[in-house]
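Following: one structure in structure tokens, then a few remarks.
Coordinate-derived values only; no laboratory data. Everything quoted here is computed from the prediction, not taken from an experiment. Neighbour counts are summed over all protein chains in view; Cβ atoms, including those assigned to glycine, are modelled from backbone coordinates with ideal geometry.
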Amino acid sequence: MNPVGSDGYEHHPLLEELVRDIASRGEGVLVAVTHELHSHGTVRIAHIRPASGVEWTTAADNIQSARPLSCGPQIAVRTPWRRRIPAPHPSTQGVS
């Protein structure tokens, strides 16, 4: 957990950054992380503002950076549901 200021807001490292809510798959700017007290304990709430301007909240643990990684090599990811079809071998092609 990140430090909480005297105003009750958490100093989250992704504040004012573009984030993705993994629960809804929505994206927007993280504008605040607050703490709500409930009978079972404290709940961390992320406040996200998308381009439309209509904010929503989600559990703070559900957010991740939405910016693409800008450093390091790009890694191709093969999805299991796509089968790669190999190109035909030149010897099996009709020769004129």
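Things worth noting here:
- Residues located in segment 23-46, provided they are over 16 Å from the mean Cα position of the chain (by Cα), in a loop (DSSP other than H, G, I, E, B) and aliphatic (A, V, I, L, M): none
- When residues of segment 1-22 are limited to those that are outside any loop (DSSP other than H, G, I, E, B) and of a type in the set (Val, Ile, Thr), the one farthest from the chain's Cα centre (by Cα): VAL4
- Among the candidates ILE48, ILE22, residue that is touching a helix residue (DSSP H, G or I) at 6+ places or on another chain (Cβ under 7 Å), touching a residue at least 24 places away in the same chain (Cβ under 8 Å) and within 28 Å of PRO68 (Cβ to Cβ): ILE22
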